[in-house]
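The values are calculated or read from the model by the stated rules, or taken from the named source; none is laboratory data. These numbers come from a predicted model, not from an experiment. Every residue, glycine among them, receives a Cβ derived from its backbone with ideal geometry; neighbour counts consider all protein chains shown.
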Amino acid sequence: MKHATDFIGWYNRRSQQQAGIPLTNPEHLYYAYHEGAGGYQRGTYRGKPQVLSAGRQVAARANRYQAQLNSCEAEFQCRKFYQVWPFCRS
């Protein structure tokens, strides 16, 4: 798993540098991964309904994961100076 996440991070950074895709745009990072940087820049993904659908699914999943992370993070924020994570409770 570590190698897979390292590769994804490396590839997304490369797509950012080559195609100018923000790292905060998972949909277009997916398109660049699927089509390659050159294909992405030519817009070849635009004519592929299945790729567009998959890109939207990737973006929806990323948004859902971000919302879950935000929720968990808020749950474990310490409200008082004497509370220590992970023992913080609302």
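Restricting segment 19-73 to residues that are in a loop (DSSP other than H, G, I, E, B) and farther than 16 Å from Ile8 by Cβ leaves a set whose member that is nearest to the chain's Cα centre (by Cα) is Gly20. If you take the residues in segment 32-55 that are at pLDDT 95 or above and among the small types (Gly, Ala, Ser), which one is nearest to Pro22 (Cα to Cα)? Here the residue is Ala32.
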